[in-house]
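What follows is a set of notes on a single structure, which appears directly below.
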Amino acid sequence: MREGDLPGHDRVVVSHVGLWVMGAVLELDVHTGPELFEVEATPVDSNRVADALGLFARSSSRLTHVSASKLSASPTNDMLAYAWRVNAAILVVEDDRAVRRMLERTLLAEGYDVVGVSDGGTALAAIERAAPDLVVLDVGLPDLDGFAVSRRLRGKGLALPVLMLTARDSVGDRVAGLDAGADDYLVKPFASEELLARVRALLRRGEEPRELLAFGDLVFDVQARSARRSGEQISLSAREADLLELLLRNPRQVVSREVALERVWGGAAAASHNAVDRYVSYLRRKLGEPELIHTVRGVGFVLDR
């Protein structure tokens, strides 16, 4: 069995509150706690759950803990419990290097995955590549200020939580920040304890299930529109992401060119069969070997090994 292959099925969906192995009937009891999620499965299914969790571990750079242990209280005495822990990703946008490094150290010490940038343009580009769980955003940036960055995020329909930092403490400034799309507003100087408390509160507020689609060693994050294969990040355009999602939601089923045009392009009037073939070629090149997308002559394409 190759690393990443799942016996008996091809698609896995993992969320903050559960795990489902498509094509297999699993009786799962899901327990949730602060950043810790556990799944119990009967012994007949435990190998499949273990393989699914292993795939999730290899595909997620934010997975920090996977464990399996027997439950002594289990009626059968051999039920296994699996647990995994996911770190929240935080983007820090602050032009003052000393303040940015302080913020990074404080958040890293709490176990968060932290990326720091110094200007609004770089922040917007980073968010477009991979949306974080929270943005800590300074108002006084050298190019686009924090208000403009927040407005652009909301203009794109991104609902990720934004904690705005500023030395401006007037009521008018706070109202301006909130109206620009910020979820919370923290005035400098501030205590680390207050910063962390506000971060925790915003992450709780912003929690929502995260869906991953997987086939073999290929994993696609539906919300982030990003993919990984064998743990390696794959850069996708919006159209490529839509086409890959369509194939992943229909594994080992032929997807016709007509269906692809309807679902990805919005209808045959918007593009031709050649456009579908071209984007399939783009995906094949990006996904690499061994090839996963195969042509069914005269019909369409199928995701298979």
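The values are calculated or read from the model by the stated rules, or taken from the named source; none is laboratory data. Quantities reported herein were computed from a predicted structural model and do not represent experimental measurements. In this analysis, Cβ positions are derived from the backbone assuming ideal geometry, glycine residues included, and neighbour counts consider all displayed protein chains.
Just to be sure I understand, how many residues within the range 259-285 are under 23 Å from the mean Cα position of the chain (by Cα) and polar (S, T, N, Q)? The total comes to 0.
In the range 83-111, what count of residues is obtained for those that are in contact with a Ser or Thr (Cβ under 6 Å, 6 or more places away or on another chain) and either within 21 Å of Leu144 (Cβ to Cβ) or part of a loop (DSSP other than H, G, I, E, B) (or both)? Residues in the range 83-111 being in contact with a Ser or Thr (Cβ under 6 Å, 6 or more places away or on another chain) and either within 21 Å of Leu144 (Cβ to Cβ) or part of a loop (DSSP other than H, G, I, E, B) (or both): 2 in total.
What helices (runs of 4 or more DSSP H) lie completely within the range 112-214 and have 2 or more residues being under 22 Å from the mean Cα position of the chain (by Cα)?
The helices (runs of 4 or more DSSP H) meeting that bar are 120-129, 146-155, 192-206.
Yes/no per residue for (1) within 29 Å of Arg105 (Cα to Cα); (2) in contact (Cβ under 8 Å) with a residue 24 or more places away in the chain; (3) touching a strand residue (DSSP E or B) at 6+ places or on another chain (Cβ under 9 Å):
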{"residue": "Ser192", "(1), (2), (3)": "yes, yes, no"}
{"residue": "Arg200", "(1), (2), (3)": "yes, no, no"}
{"residue": "Phe215", "(1), (2), (3)": "no, yes, yes"}
{"residue": "Val222", "(1), (2), (3)": "no, no, yes"}
{"residue": "Arg228", "(1), (2), (3)": "yes, yes, yes"}
{"residue": "Arg249", "(1), (2), (3)": "no, yes, yes"}
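Annotation note: of Leu165, Leu186, Leu203, Leu153, the sole residue that is among the hydrophobic types (A, V, I, L, M, F, W, C), within 21 Å of Gln223 (Cα to Cα) and assigned by TED's automatic domain parsing to the domain that holds Asp96 is Leu153. For the range 230-238, indicate whether the set of residues that are in a strand (DSSP E or B) and surrounded by 14 or more Cβ atoms within 10 Å (Cβ to Cβ) is non-empty. Yes, the range 230-238 contains at least one residue that is in a strand (DSSP E or B) and surrounded by 14 or more Cβ atoms within 10 Å (Cβ to Cβ).
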